[in-house]
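K.L.:
Sharing a structure, written as structure tokens. Questions coming.
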Amino acid sequence: MAAGATAALVGLAVALGSGVGSPAAAEDPAALTGIILGVGANEAQRIVTWYSSADTAQKVQLAPTASLVNGEFPASAATFAAVGGANIATSGGYNRHTTLTGLLEHTAYSYRVGTEGNWSPTYAFKTQDYEGDYDFLFYGDPQIGSSGDVAKDQAGWKETLDVSLAANPNAELLVSGGDQVETANTEAQWTAFLAPDKLRQYPWAATIGNHDVGGKAYEQHLFTPNTDRSAPLYANGNPASNTSGGNYWFIYKDVLFIDLNSNSYATSQGGGGDAAHVAYVTDVINQHGAEAKWKVLVFHHAIYSPASHAKDGDAKVRRVDFANAFSNLGVDLVLQGHDHSYSRSYEIKNGAKANPAEQPGAADVYPGPGGVIYVTANSASGSKYYDITAPDKSGTSGAGNGADPLNPGSYWYNSAQNQEHVRSYVKVQVRNDRLVVENVRSGTCAAPNAAVERGLSCSNTPAGQPVGSITDKVTVHPYNADGQQLQVNVPNAAPGEFGWTIDGYNGLVNLGTAQEHNGDYFDATGNLNPITVSDSRRSLAPWSISASVSDFRDAGKTFSGAYLGWVPRVLNPGAGAKASSPVLSAYDDQGQGLSVSRGLGWADQGHPRGNAQLGAELDLKIPASVEKGNYRATLTITALSS
């Protein structure tokens, strides 16, 4: 935070009495666990979620890492109050979350959760350019605990995160394919899933899997932005039940991400079924699709995949329910989990292969209007793998699982597939004129690879297929119709300036001679010299003006500034200015008045550029017991803006 301060002198004709507030009692200490950094609604936000052993007021403290001195947060550190509630009985304790807003691009931040005297360790993340190219990583089913050995699953999961982020340190998002754990409410599995520190350094875009949905632990651990938790988006139609659910969306640079709770698919169970998801996706794209170049859907239950789940009844139904809608809405890429093997589909349009001539494993595809690429991720932890299954005679479009005429060993819809029983992840490069999708090995047959360690065979040959090698890569080119597109890159505009000045020929506010009231107190009023705020910055970052007053003095006589109160006003609107709350004199409420820093005015992130003029009505109430005198104090006015 950048801060500036200027002092204005307040002259008074009478003395004021002292008023010192008592320090607040320390809150009960709480164990702070399960901290995870999540995505926000856009690139300038992050959501932090954690568990607490005590039901106390908590917050996140945030500051640019460069401003920390010997690991200590500066006085200018921002704080964000947390909200939450009690966990279900099997989880124990309480959950907390808060949204960090107004983050600046190209900035390394440090943060911690808790409260004064009871902070968590400090963690760090960095923001990058808020426009242009970026990469994100997609992880299939960690499903910690599914091998039967939580420790081995955790080791494989941590290794995949470490390997993938060592190779891609500037990746900006980590996207989940669902099934974070094997058993929804088993906190030992959640603890293992959340153990890697990378989940506190890079934002996790969570997805609900079928192993996550059966309890509230998913919602308690992973709070998401723009979330619709209405009844149709829960499998049983009851958000108050002991299940997790809901759909959400966010925009990160040029991509609109829409994440679905695919556990809700059968209306017979009480939820809204596929129709509710189609309505949700339609509504989000109609409202926000024009704000992004690419549309990416994420959900757990793969509808085009290569292993045993490819023949599940719900997958077949959704190839009919979803495919037409996604094509008509202009979806570009669908990311899926659940089938614990890797596949990349052909261009699918309205439930059929869009281009019959598209070759298996093509390195470049041009989906055209309505073409969608579906990708299923293999296990990121090595806890469970499913083997690729064979086609049948059920058809080569729609719900069918018939053979690909160009590659009879595969289903008609899969262009590429892989299962070696080694861990992998999917890297997606987002570019203005293309998406590049790669499936990358994050392990070999060697440990950590829990399923193989516990007896499963492995076909990987480390010498020829090492960690970091690619099993499949495709470049998805956008559809440009029959005309030509024009492209121009616009650089950052001049950043603009934020400033403020005190009006008036000097900084003296003379409150005159205080008036006596029935021998009880003296009263003096006046107006602060107006303060003009000017903000022309492109970032539209939030700003605030605050002030505190020193003791009032006349030679050796003093009294506290607590007896000065005010009513802030916006005299001339602009720059998003809002007046802060009134502050009473300590004479009225036995508080601290303006002896501590109090807000005068402020503006939110995203406010309009412009100028504003702030002022305040000053109210000084002085106990009648003070000595006669001519007193002055210094009012220190501070401007803060990120």
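The values are calculated or read from the model by the stated rules, or taken from the named source; none is laboratory data. Since we're looking at a predicted model, the values are computed, not measured. Note: ideal-geometry Cβ built from the backbone for every residue, glycine included; neighbour counts use all protein chains shown. Keep in mind that these areas ignore ligands, DNA and RNA; they rest on the heavy atoms of the full protein, side chains included. Shrake-Rupley method; radii C 1.70, N 1.55, O 1.52, S 1.80 Å.
K.L.:
Kindly establish whether Asp141 is open to solvent by less than 20 Å² (accessible area, probe 1.4 Å), acidic (Asp, Glu) and either touching a helix residue (DSSP H, G or I) at 6+ places or on another chain (Cβ under 9 Å) or modelled with pLDDT of 95 or more (or both).
P.N.:
yes
K.L.:
Follow-up question, since we're still on this one. Which of the residues spanning segment 538-551 are modelled with pLDDT under 90 and either of a type in the set (Val, Ile, Thr) or surrounded by 18 or more Cβ atoms within 10 Å (Cβ to Cβ) (or both)?
P.N.:
Once the filter is applied, which keeps residues that are modelled with pLDDT under 90 and either of a type in the set (Val, Ile, Thr) or surrounded by 18 or more Cβ atoms within 10 Å (Cβ to Cβ) (or both), segment 538-551 yields Ser539, Leu540, Ala541.
K.L.:
Working carefully through the options Ala124, Ala166, Ala108, Ala188, find the one that is under 17 Å from Tyr51 (Cα atoms) and among the aliphatic types (A, V, I, L, M).
P.N.:
Ala188
K.L.:
If you go through segment 286-305, how many residues are touching a Leu at 6+ places or on another chain (Cβ under 9 Å), free of Cβ contacts under 8 Å to residues at least 24 places away in the same chain and aliphatic (A, V, I, L, M)?
P.N.:
Result for segment 286-305: 0.
K.L.:
Restricting the search to segment 69-117, which residues are of a type in the set (Gly, Ala, Ser), within 27 Å of Gln605 (Cβ to Cβ), open to solvent by 50 Å² or more (accessible area, probe 1.4 Å) and assigned to a loop (DSSP other than H, G, I, E, B)?
P.N.:
The one that is of a type in the set (Gly, Ala, Ser), within 27 Å of Gln605 (Cβ to Cβ), open to solvent by 50 Å² or more (accessible area, probe 1.4 Å) and assigned to a loop (DSSP other than H, G, I, E, B): Ala75.
K.L.:
Out of Leu456, Leu435, report the one residue that is closer than 30 Å to Asn168 by Cα, of a type outside the set (Gly, Ala, Ser), modelled with pLDDT of 95 or more and assigned to a loop (DSSP other than H, G, I, E, B).
P.N.:
Within the list Leu456, Leu435, the selection yields Leu456.
K.L.:
Just name the residue that is nearest to Cys445 (Cα to Cα) out of those in segment 144-178 that are of a type in the set (A, V, I, L, M, F, W, C) and open to solvent by less than 10 Å² (accessible area, probe 1.4 Å).
P.N.:
Residue satisfying both the conditions and the ranking: Trp157.
K.L.:
Output the residues belonging to segment 247-280 that are of a type in the set (D, E, K, R) and buried (at least 23 other Cβ atoms within 10 Å of the Cβ).
P.N.:
Result: Asp259, single match.
K.L.:
Related question: Out of segment 512-530, which residues are assigned to a loop (DSSP other than H, G, I, E, B) and either under 17 Å from Glu627 (Cβ atoms) or of a type outside the set (Gly, Ala, Ser) (or both)?
P.N.:
Listed by number, the residues that qualify are Thr513, Ala514, Asn518, Gly519, Asp520, Leu528, Asn529, Pro530.
K.L.:
For the subset of segment 428-443 comprising residues that are of a type in the set (S, T, N, Q) and crowded, with 21+ Cβ neighbours inside 10 Å, which member is farthest from Val474 (Cα to Cα)?
P.N.:
Selected residue: Ser442.
K.L.:
For segment 37-66, which residues satisfy the criterion of being assigned to a strand (DSSP E or B) and either surrounded by fewer than 21 Cβ atoms within 10 Å (Cβ to Cβ) or modelled with pLDDT under 95 (or both)?
P.N.:
Across segment 37-66, the qualifying residues are Lys59, Gln61, Pro64.
K.L.:
Please find, among Tyr425, Tyr366, the residue that is within 20 Å of Val296 (Cα to Cα) and surrounded by fewer than 17 Cβ atoms within 10 Å (Cβ to Cβ). Step through it out loud before you land on a result.
P.N.:
On the way: Tyr425 fails: surrounded by fewer than 17 Cβ atoms within 10 Å (Cβ to Cβ).
Answer to the check: Tyr366.
K.L.:
Would you pick out the residues in segment 1-36 that are at pLDDT below 50, outside any strand (DSSP E or B) and either of a type in the set (S, T, N, Q) or open to solvent by less than 20 Å² (accessible area, probe 1.4 Å) (or both)?
P.N.:
Listed by number, the residues that qualify are Ala15, Leu16, Gly17, Ser18, Gly19, Ser22.
K.L.:
If you don't mind, there's one more thing I want to ask. I'd like the residue in segment 375-398 that is polar (S, T, N, Q) and part of a loop (DSSP other than H, G, I, E, B) and, out of all such residues, is surrounded by the most Cβ atoms within 10 Å (Cβ to Cβ).
P.N.:
Among those that are polar (S, T, N, Q) and part of a loop (DSSP other than H, G, I, E, B), it is Ser381.
K.L.:
Now for a separate question. Could you grab me the full set of residues in segment 39-68 that are of a type outside the set (A, V, I, L, M, F, W, C) and under 13 Å from Ala82 (Cβ atoms)?
P.N.:
Thr49, Tyr51, Ser52, Asp55, Thr56, Gln58, Lys59, Gln61
K.L.:
Yes or no: Ser308 surrounded by fewer than 23 Cβ atoms within 10 Å (Cβ to Cβ), touching a residue at least 60 places away in the same chain (Cβ under 8 Å) and of a type in the set (S, T, N, Q)? Outline the logic, then answer.
P.N.:
Working: surrounded by fewer than 23 Cβ atoms within 10 Å (Cβ to Cβ): yes; touching a residue at least 60 places away in the same chain (Cβ under 8 Å): yes; of a type in the set (S, T, N, Q): yes.
Taking the combined requirement at face value, the residue satisfies it.
K.L.:
For segment 342-357, enumerate the residues that are in contact with a Ser or Thr (Cβ under 7 Å, 6 or more places away or on another chain) and not in a strand (DSSP E or B).
P.N.:
Narrowing segment 342-357 to residues in contact with a Ser or Thr (Cβ under 7 Å, 6 or more places away or on another chain): 342-346, 349-352.
Tyr346, Asn350, Gly351, listed by residue number.
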